[in-house]
Amino acid sequence: MIHASIASILVTALFINTAHAALLDVFAAELALARGMTDKGVVLYRAQALQTADPVILERALSVALEDNDIDGGLAIAKHWVEVDPEYIPALFYMAHLSLKAHDYQLAAQTLDKILRYDPNAALDRIVVGISPDDPKDRNALLTALQSLKEYNNPSLSVLKAGLLVQAGQLDQALVEVNNALRKKPGVTAFITLKINILMNQNNLKEARTFLASEIKRQPKNKSLQLFEVRLLLKNNQATLAMARLKQMSRRWNNDGEILLLAGLVSIDNQRMLDAERYLVQLLAIDQYVDQAYFYLGIAAERQNHIKVAISYYQKVQGEDLYRKAQKKLAVIMVANNQLDDELTALTQERVEHPEQASFLYLLQAQLLKEHGQSDTARKLLDEAINGLPNQPELIYARILMLKPEESALLDRESERLLALSPDNPVYLNAFAFALAQQNRRLKDARAFAERANKLAPNQAAILDTLGYIAFIQKDYAFAITTLKAAYTAEPSANIGLHLAAALEKNNQIAEFNQLISELKQHFPNNPKIMTQLEKHDQTDARQSTSSNLSSIQPHINAPIYSASPLSGGRTNLSTLS
């Protein structure tokens with residue numbers, strides 16, 4: 001759909017006969033965006049914006065750039081806009097925000113200075129939203145830049161500084177800044193909650209509670225502040241008091257979906273099922289909350305072992321956000337009640353009624369079949385799914401998980417296709433890397449895939465494990481040990497521990513090996529692989545036993561060709577299927 005303001009320009013231009021190439025370029029940009037060709041739309045808009053002074057086109061071009069997170073392109077447009085119309089405040093707002101996003105803090109300070117000259121109390125909330133640099137150097141640079149604007153004492157900037165100071169651990173100074181903001185704008189909820197959080201981080205719990213209570217008393221109609229209090233009570237394990245507050249709030253705001261939903265959830269968590277049902281049934285009257293109401297009514301019924309009632313509620317969930325969760329709940333219930341065939345039939349019917357969810361429903365069916373010893377049927381189902389939906393990465397990945405060791409050619413072909421569709425997916429990269437390593441081929445490619453996965457999703461235990469495994473096979477023992485130690489630190493599992501033990505043994509680090517095996521025995525006393533190694537270790541000299549018994553240990557022992565879920569420790573079950 002073409003943006004309304006641009007459509008208006010085009011129609012007006014046609015009437016006054018001024019629709020030349022420039023406006024045709026704008027039309028082409030909107031058409032590209034409407035067709036999902038975002039990159040082309042962004043480029044066309046940027047090119048046109050840099051040649052115009054029309055504020056409607058400039059603002060639309062900037063909004064497109066921001067939606068695409070094209071910070072540099074957006075900043076170039078904002079600079080051009082300020083050049084052609086230096087007194088236009090919205091252009092300055094855009095330039096200030098984008099220069100902050102681009103970490104050009106000097107330009108940001110200069111632009112903010114211009115804005116504050118017009119109005120020292122200007123609401124800068126939209127400029128500073130989302131500005132919270134993680135890098136200490138960036139944080140210090142921004143604080144220094146903001147210091148030059150101290151004379152204006154602007155509340156939005158004070159709060160921005162307070163947030164940065166909290167990140168830097170300077171809580172006392174942060175409190176000074178937020179108090180400055182509250183003196184100018186005492187009723188702003190975000191400022192109040194920031195102060196409370198700072199006080200709590202300082203362990204000034206009594207002062208925080210007193211301040212919150214006084215603000216609620218001063219602003220009895222401030223729903224957000226009272227919800228903040230409820231969440232604070234829940235965080236501090238004061239569920240009974242939180243429930244009492246929610247009950248009061250549900251009377252004051254008797255048709256508020258946010259309050260009713262939270263009250264229902266807290267009631268479920270505290271085993272007050274009648275209260276939960278009362279709140280959630282009320283929620284059914286609010287259109288935007290209907291699916292949530294049905295879903296959590298299903299959970300409440302399931303926890304009371306009212307299985308038929310739970311099923312009826314889950315079946316009524318239709319909205320995209322909760323539909324998949326509801327279907328997984330139904331699958332678990334039906335299987336637990338020995339109704340696998342009925343569930344498989346129901347999922348086939350769901351595919352007819354919800355074609356937009358076909359990929360997910362195929363995956364759920366295939367997983368149920370696989371988990372109940374019908375792998376061949378699951379494979380045929382995935383073949384059928386991919387024939388109908390050939391470009392769905394999740395389906396391709398699921399079929400790859402089922403490939404047999406001798407299907408290496410198909411593995412390579414399908415994996416390459418998968419990475420062509422999703423080149424930056426660390427799960428797929430890691431899985432292909434592991435599959436190649438497990439077959440001891442294309443190790444250079446495997447390592448490159450694992451390294452790329454590690455860059456995209458750093459410090460993930462499964463990825464580090466794969467990377468360490470590949471280095472182990474390549475006899476790069478020092479790197480393997482370093483990487484596997486990092487993996488084991490992130491996820492001290494039995495398998496990763498055994499992988500690390502193998503690398504330590506190969507590198508003749510026997511003392512560390514012995515210590516690790518003892519640790520694994522303590523943490524995993526019933527693990528047969530660990531017990532086997534320990535028994536052999538106890539029968540002879542430690543050095544002799546380690547040299548003869550651990551050299552054959554392979555990472556991911558007994559794993560399929562692909563680790564089922566490389567970012568979640570190789571586990572596959574209904575709870576992890578998305």
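The values are calculated or read from the model by the stated rules, or taken from the named source; none is laboratory data. Note that this is a predicted model, so its numbers are computed, not measured. Positions of Cβ are backbone-derived with ideal geometry, glycine not excepted, and every protein chain shown enters the neighbour counts.
Here are a few things to note about the model shown:
- Selection count where residues are touching a Leu at 6+ places or on another chain (Cβ under 7 Å), closer than 14 Å to G73 by Cα and either crowded, with 24+ Cβ neighbours inside 10 Å or of a type in the set (K, R) (or both), scope the stretch 97-108: 2
- Take the conditions (1) more than 28 Å from the chain's Cα centre (by Cα); (2) on the phi > 0 side of the Ramachandran plot; N69 misses just one of them, which is (1).
- Sole exception among (1) surrounded by fewer than 17 Cβ atoms within 10 Å (Cβ to Cβ); (2) within 27 Å of the chain's Cα centre (by Cα); (3) in a helix (DSSP H, G or I) for K308, by number: (2)
Quick grid of which residues meet (1) outside any loop (DSSP other than H, G, I, E, B); (2) out of contact with any Gly (no Cβ under 9 Å at 6 or more places or on another chain); (3) under 27 Å from L403 (Cα atoms):
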{"site": "A435", "(1), (2), (3)": "yes, yes, yes"}
{"site": "K475", "(1), (2), (3)": "no, yes, no"}
{"site": "A478", "(1), (2), (3)": "yes, yes, no"}
{"site": "A487", "(1), (2), (3)": "yes, no, yes"}
{"site": "L516", "(1), (2), (3)": "yes, no, no"}
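- Scanning the stretch 338-361 for residues that are charged (D, E, K, R) and closer than 17 Å to G319 by Cα yields E350, R351, E353, E356.
- Close Cβ contacts (under 6 Å, 6 or more residues apart or on different chains) running from residues in the stretch 90-103 that are free of Cβ contacts under 8 Å to residues at least 24 places away in the same chain to residues that are in a helix (DSSP H, G or I) comprise L92/T111; L92/K114; L92/I115; M95/A78; M95/V82; M95/T111.
- Qualifying residues in the stretch 372-387 (those that are part of a helix (DSSP H, G or I) and touching a residue at least 24 places away in the same chain (Cβ under 8 Å)) - the one farthest from A326 (Cα to Cα): S375
- From the options L500, L516, L520, residue that is in contact with a Phe, Trp or Tyr (Cβ under 7 Å, 6 or more places away or on another chain) and either modelled with pLDDT under 90 or closer than 30 Å to A457 by Cα (or both): L500
- Of all residues in the stretch 219-236 being touching a residue at least 24 places away in the same chain (Cβ under 8 Å) and farther than 20 Å from L205 by Cβ, the one that is surrounded by the fewest Cβ atoms within 10 Å (Cβ to Cβ): S224
- Restricted to the stretch 175-206, and to residues there that are of a type outside the set (S, T, N, Q) and under 17 Å from N236 (Cβ atoms), the residue that is farthest from the chain's Cα centre (by Cα) is K206.
- Filtering the stretch 213-239 to residues that are over 19 Å from W253 (Cβ atoms), in contact with a helix residue (DSSP H, G or I) (Cβ under 9 Å, 6 or more places away or on another chain) and in a helix (DSSP H, G or I) leaves A213, A239.
- Among all positions in the stretch 425-447, there is no residue which is modelled with pLDDT of 95 or more, of a type in the set (V, I, T), more than 21 Å from F513 (Cβ to Cβ) and surrounded by 15 or more Cβ atoms within 10 Å (Cβ to Cβ).
- Scanning the stretch 98-122 for residues that are over 24 Å from V64 (Cα atoms) and either outside any loop (DSSP other than H, G, I, E, B) or in contact with a strand residue (DSSP E or B) (Cβ under 7 Å, 6 or more places away or on another chain) (or both) gives Q106, A109, Q110, D113, K114, L116, R117, Y118.
- Of all residues making up the stretch 59-83, the number that are surrounded by fewer than 20 Cβ atoms within 10 Å (Cβ to Cβ), hydrophobic (A, V, I, L, M, F, W, C) and modelled with pLDDT of 90 or more: 3
- Complete set of residues in the stretch 258-301 that are over 26 Å from K235 (Cβ atoms) and of a type outside the set (A, V, I, L, M, F, W, C): D287, Q288, D291, Y294, G298
- Residue match in the stretch 149-162 (condition: touching a residue at least 40 places away in the same chain (Cβ under 8 Å), closer than 26 Å to L66 by Cα and assigned to a helix (DSSP H, G or I)): yes
- Summed over the stretch 388-418, residues that are among the acidic types (D, E), assigned to a helix (DSSP H, G or I) and either modelled with pLDDT under 90 or surrounded by 14 or more Cβ atoms within 10 Å (Cβ to Cβ) (or both) total 3.
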